[in-house]
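Colleague: Could you have a look at this structure, given as structure tokens, before my questions?
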Amino acid sequence: MSGEKYEKMKQIRDEVVALQGGLADYRRENNYHAVLGEGSHDAKIMFIGEAPGQNEAKTGRPFCGAAGKLLDQLLEGIGVPRDSVYITNIVKDRPPGNRDPLPSEIELYAPFLDRQIEIIQPKCISTLGRFSMEYIMRKFGLSFELEPISRAHGKSYEAETSWGPMKIVPQYHPAAAIYNQSLVETLKKDFQILKTI
Ligand code: URA
């Protein structure tokens with residue numbers, strides 16, 4: 001791959017890899033990888049999760065464990081090839097023991113996500129879980145529309161960006177559905193809205 005978008009993404013990767021302290025040190029101690037994201041730099045839909053889990057940190061690929069399998073099935077269900085979208089997280093390094101990311105970690109990594117969004121300029125951001133929902137809704141000036149994820153999931157919110165109108169579609173986190181079949185059904189239904197985008 002080459003080109004301007006690729007170079008900008010590579011620059012972001014280099015900066016994340018070079019971070020010192022906190023989760024970046026934990027990454028080095030465990031021979032983990034930073035997980036920047038994967039998919040098309042021209043994607044119309046961008047999926048944003050929370051933070052890498054163990055499988056992701058070991059491979060450097062987002063959503064490649066159990067939650068990733070479910071995400072693959074959900075994409076297949078709406079006929080969208082995984083490599084046509086862009087998949088990433090707010091936090092690019094694995095928090096120990098899969099704990100929730102701290103506000104300070106979100107603050108540290110979010111500017112890298114912001115730059116990735118600027119590069120891709122998606123028509124739709126689908127957030128996976130409440131951390132990315134809250135961050136993205138606030139970032140695009142929709143704090144006043146923020147609802148608990150139990151009400152926001154599967155809805156489409158209109159945002160204005162410097163590259164035009166963009167939809168924000170919050171989804172439950174696929175990891176929450178691994179042991180909860182009814183949430184799988186909800187996710188399948190909620191993913192249908194993405195087909196129209
Ligand atoms: N959960 C996430 O939020 N992101 C991943 O990449 C994997 C699991």
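Colleague: Using the Karplus equation 6.51 cos²θ - 1.76 cosθ + 1.60 (θ = phi - 60°), what ³J(HN,Hα) coupling, rounded to whole Hz, does each residue of segment 24-40 give in order, writing x for Gly and Pro?
Modeller: Each residue of segment 24-40 in turn: 5, 5, 4, 4, 5, 4, 9, 6, 7, 10, 6, 10, 7, x, 8, x, 7 Hz.
Colleague: Over segment 62-197, what per residue volume does the convex hull of the Cα atoms give, in whole Å³? It would help to have the intermediate numbers written out before the result.
Modeller: Numbers: hull volume 15.4 nm³, N = 136.
Convex hull volume per residue, Cα atoms: 113 Å³.
Colleague: Same structure again: Would you grab the residues whose amide H sits under 5 Å from the one on T161? Only those 5+ places off in sequence or on another chain, please, with H modelled 1.01 Å from N.
Modeller: Result for T161 returns M166.
Colleague: Still on this structure: Given 0.36 nm per residue, what is the gain on full extension from K5 to S143 after removing their alpha carbon distance, in nm?
Modeller: 46.7 nm
Colleague: Separate question: Quick one: which residues, 5 or more positions from C64 or on another chain, have an amide H under 5 Å from its amide H? H modelled 1.01 Å from N in the peptide plane, none for Pro or chain starts.
Modeller: E56
Colleague: For a protection proxy built on the mean count of beta-carbon atoms within 10 angstrom, sort 69-81, 17-29 highest first, please.
Modeller: Numbers: 69-81: 15.7, 17-29: 14.2.
Taking the mean over residues of other Cβ atoms within 10 Å, the ranking is 69-81, 17-29.
Colleague: If you take the alpha carbon radius of gyration of segment 71-146 and divide it by 2.2 N^0.38 Å, what ratio comes out, to two decimals?
Modeller: Details: Rg = 13.6 Å, N = 76, 2.2 N^0.38 = 11.4 Å.
In units of the 2.2 N^0.38 Å rule of thumb, it is 1.19.
Colleague: Let a ≥ b ≥ c be the square roots of the eigenvalues of the Cα gyration tensor of segment 1-126; is it rounded (a/c under 1.5), or, if not, prolate (a/b larger than b/c) or oblate?
Modeller: On the way: a/c = 1.79, a/b = 1.26, b/c = 1.42.
Judged from the Cα gyration tensor, segment 1-126 comes out oblate (a/c at least 1.5, b/c at or above a/b).
Colleague: Note the full-extension length gain between D114 and Q181 as 0.36 nm times their separation in residues minus their Cα-Cα distance, in nm to one decimal.
Modeller: Details: separation 67, 0.36 × 67 = 24.12 nm, distance 3.32 nm.
Between D114 and Q181, full extension yields 20.8 nm more.
Colleague: Can you list residues from other chains, or at least 5 along the same chain, whose modelled amide H is less than 5 Å from the amide H of N89?
Modeller: Distant-sequence amide H within range of N89: G49.
Colleague: Given segment 3-195, what percent of its DSSP beta bridges are antiparallel, to the nearest 5?
Modeller: Details: 7 of 20 bridges.
The antiparallel proportion sits near 35 percent.
Colleague: Measuring with a 1.4 Å probe in the full set of protein chains, what accessible area per residue, in whole Å², belongs to segment 156-197? The partial results should precede the final answer.
Modeller: Values: 2230 Å² over 42 residues.
Heavy-atom SASA per residue in segment 156-197 reads 53 Å².
Colleague: Using a 1.4 Å probe on the protein chains only, how many percent of the accessible area of the chain belongs to carbon and sulfur? Don't jump to the answer; show the numbers that get you there.
Modeller: Values: 4770 of 9530 Å².
Of the solvent-accessible surface of the chain, carbon and sulfur hold 50 percent.
Colleague: Restricting to Cα pairs below 8 Å that are 6+ residues apart, what does the relative contact order work out to for the chain? Please round to a whole percent.
Modeller: On the way: 323 pairs, mean separation 44.0, N = 197.
Contact order relative to length: 22 percent.
Colleague: Restricting to DSSP H runs of at least four residues, report the calculated mean residue ellipticity at 222 nm for the chain, -39500 (n - 2.57) per run over all residues, nearest 500 deg cm²/dmol.
Modeller: Values: 8 runs with 87 residues, N = 197.
The helix-only estimate for the chain comes to -13500 deg cm²/dmol at 222 nm.
Colleague: Residues in segment 115-138, backbone N under 20 Å from the label point at D42 (7 Å along the Cα-to-beta-carbon vector): list them, ranges by number please.
Modeller: Of the residues in segment 115-138, 116-125 have backbone N under 20 Å from the label point off D42.
Colleague: Calculate the FRET efficiency for R151 and Q192 from the Cβ-Cβ distance with a Förster distance of 22 Å, rounded to the nearest 0.05. Write down the numbers at each step before the final one.
Modeller: Working: r = 18 Å, r/R0 = 0.82.
That gives a FRET efficiency of 0.75.
The values are calculated or read from the model by the stated rules, or taken from the named source; none is laboratory data. Keep in mind that this is a model prediction, so the values were computed, not measured. For neighbour counting, all protein chains shown are included, and Cβ atoms are generated from backbone atoms with ideal geometry for every residue, glycine included. Protein only, heavy atoms only, side chains kept; ligands, DNA and RNA dropped before computing areas. Shrake-Rupley method; radii C 1.70, N 1.55, O 1.52, S 1.80 Å.
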